[in-house]
Amino acid sequence: MVFRLIVAALAAIALTVHPISAAACPGDCNNDGVVSIDELINGVNILLGSVAVDRCAACDRNQDGVVTIDELIDAVTATLVGCPATPTSTPKNPPTNSATATPTPSAVSTGSATATPANCHDDGIICTVAGDGRAGPYDTSFYYPIDLAFDRSGKLLIMDWNNVRLRRLNDDGTMTTIMGLMDDEGNPIEGAPIDGALASDTPLHHASDIEFDDAFNMYVAGDHVSVVFRVGTDDRVFAVAGKRDLDGSFIYGYSGDHGPALQAELGVPFGVLPDRLGGLYISDVDACVVRYVDPQGMITTVAGTGEPGYSGDGHPGTQAQLAGPSRLKFGPDGNLYFCETKNHVIRRLHPDGTIDTFAGTGSRGYRDGPAIAAQFDTPYDLRFAPNGDVYVADTGNNVIRRIDTAGMVTTVVGNHDGGFDGDGGPASGCLLRRPSAIIFDAEGSMWIADTSNERVRRVWHYLSATPPPAN
């Protein structure tokens, strides 16, 4: 009975964190694709030292001879959301041109010995380009990849959230860690940036967003560390917002408006977006606000009251209530668009400071149709296509949605059922699991962080292969 109570407590913990999937189904002692309560109790017994690890080697994700709380939570998560799909191989040669306003991504050869779908370069076909479906600190694996960007040389950057690393996909398909530290045993080192340090010497702590300005300085939202920092083209790191404590950490809170951004307390900065004037916007999930740091380094709240809620459309943004603001993007109309993960909407901040809802009803759900009547579930990311259509990573619904210029919402990638399937087939028929980021390249291919499948996937020439919406 005690063991079952422990498992119940771990299940509660697992439900409060981001869903994950782990190496070849953590906790699946008999390898039947399902993790039962009895198998979880085996894991608890191993953790407590009551039985040997060989009773259920599947609980020992990193094969170090012990089972940790984190590994047991992975097994609980597998019980709750299902085992990860069987890893697949990675297709070769992603696009040779970049996203709009980004350099040309280089061709990639993964070196996979397993056969890949032969049609990965057919228009509209989805395939995996990185990740093998295992969760963990392996050379070819991710552990909750949460964001994507192209660097100035055109290589894909992947924010490997739970491995607390920013990784680069190289031409030969290997991964290089460009930020984030590991100890001698391969465990992540969580920490705060130090001003003036090299990016390669800088720890991360579940950073959630990376964006580049026009000069290719990179900005990072710290998430678990209450800071936003810049990595210059000289690879040196400097904080741009967040108040540092005497011990070098950053103070969690919400304060400092109308003063220097480096004296302002942040909560959980999830999104960052530099503008062309030299300033930047920050979305703070916990403080329930969007803030702006001007070119002189002064910070001001531009949306949200600091209290969670859903109100204020048609009024100044500072009178509106937000809940869970995440990634932000500028629209071609000059408005600032951002996702609200806890209100399940896309909000829009106009240049005059007023705010309204662009898409969603404020209630969690899954419904296509007119944007103001459509429903979303925990949208994390959005991206504009050259024609003005908006694409949304509708994370909780396991799909990518399109909001066309006529204001109609359509599901375009995935079919709402969470899982992993469809490589080598049309993107509309594939299965995703909690996609958290999307990006386009200049050839119109869509790249997706298929987060809980521990993969990055690509829809080849998506924009040219997809018929325009019927207006």
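The values are calculated or read from the model by the stated rules, or taken from the named source; none is laboratory data. Only a predicted model underlies this, so the values are computations on that prediction, with no experimental measurement involved. Cβ atoms come from the backbone with ideal geometry, glycine included; neighbour counts cover every protein chain shown. Areas reflect the complete protein model, heavy atoms only, side chains present, ligands, DNA and RNA absent. Shrake-Rupley method; radii C 1.70, N 1.55, O 1.52, S 1.80 Å.
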**Request:** For Thr411, indicate whether it is within 17 Å of Pro145 (Cβ to Cβ), out of contact with any Cys (no Cβ under 7 Å at 6 or more places or on another chain) and hydroxyl-bearing (Ser, Thr, Tyr).
**Result:** no
**Complete:** Within the range 248-299, the residues that are of a type in the set (Ser, Thr, Tyr) and over 26 Å from the mean Cα position of the chain (by Cα) are Ser255
**All positions within the range 212-241 that are surrounded by fewer than 21 Cβ atoms within 10 Å (Cβ to Cβ) and more than 24 Å from Ser255 (Cβ to Cβ)** = Phe212, Asp213, Asp214, Ala215, Phe216, Asn217, Gly232, Thr233, Asp234, Asp235, Arg236
**Close pairs from the range 304-317: first on the phi < 0 side of the Ramachandran plot and β-branched (Val, Ile, Thr), partner outside any loop (DSSP other than H, G, I, E, B) and open to solvent by 20 Å² or more (accessible area, probe 1.4 Å), Cβ under 6 Å, at least 6 apart** = Thr305/Gln321
**Fill in**
Of the residues in the range 121-136, those that are touching a helix residue (DSSP H, G or I) at 6+ places or on another chain (Cβ under 6 Å) and on the phi > 0 side of the Ramachandran plot come to Gly124
**Asked** Taking the range 420-467 as the region of interest, how many residues are open to solvent by 30 Å² or more (accessible area, probe 1.4 Å), part of a loop (DSSP other than H, G, I, E, B) and polar (S, T, N, Q)?
**Response** 1
**Asked** Of all residues in the range 203-248, how many are in contact (Cβ under 8 Å) with a residue 60 or more places away in the chain and out of contact with any Phe, Trp or Tyr (no Cβ under 8 Å at 6 or more places or on another chain)?
**Response** 2
**Request:** With a cut-off of at least 1 residues that are among the polar types (S, T, N, Q), name the strands (runs of 3 or more DSSP E) lying wholly within the range 285-398.
**Result:** 298-303, 325-330, 355-359
**Message:** Residues to consider are Ile372, Ile400; find the one that is open to solvent by less than 20 Å² (accessible area, probe 1.4 Å) and at pLDDT 95 or above.
**Reply:** Ile400
**Fill in**
Within the range 210-242, the residues that are in a strand (DSSP E or B) and more than 22 Å from the chain's Cα centre (by Cα) are Arg236, Phe238
**Asked** Restricting to the range 399-417, what's the tally of residues that are under 15 Å from Thr361 (Cα atoms) and in a loop (DSSP other than H, G, I, E, B)?
**Response** 1
**Message:** Yes or no: the range 259-273 includes at least one residue that is at pLDDT 95 or above, within 27 Å of Asp394 (Cα to Cα), in contact with an Asp or Glu (Cβ under 7 Å, 6 or more places away or on another chain) and open to solvent by 30 Å² or more (accessible area, probe 1.4 Å).
**Reply:** no
**Message:** If I go through the range 403-419 residue by residue, how many of them are under 19 Å from Asp132 (Cα atoms) and open to solvent by 10 Å² or more (accessible area, probe 1.4 Å)?
**Reply:** 1
**Asked** Within the range 190-202, which residues are touching a Phe, Trp or Tyr at 6+ places or on another chain (Cβ under 7 Å) and either part of a strand (DSSP E or B) or open to solvent by 40 Å² or more (accessible area, probe 1.4 Å) (or both)?
**Response** Asp195
**Asked** Considering only residues of the range 151-183 that are among the small types (Gly, Ala, Ser) and touching a Pro at 6+ places or on another chain (Cβ under 8 Å), which is nearest to Asp223 (Cα to Cα)?
**Response** Gly180
**Asked** Hey, among the residues in the range 117-136 that are farther than 30 Å from Pro188 by Cβ and small (Gly, Ala, Ser), which one's most open to solvent (accessible area, probe 1.4 Å)?
**Response** Ala118
**Complete:** Within the range 164-184, residues being without any contact (Cβ under 8 Å) to a residue 24 or more places away in the chain and out of contact with any strand residue (DSSP E or B) (no Cβ under 9 Å at 6 or more places or on another chain) number 1
**Prompt:** What are the residues in the range 139-166 that are open to solvent by less than 10 Å² (accessible area, probe 1.4 Å), more than 20 Å from Gly232 (Cβ to Cβ) and more than 13 Å from the chain's Cα centre (by Cα), if any?
**Reply:** Ser141, Leu156
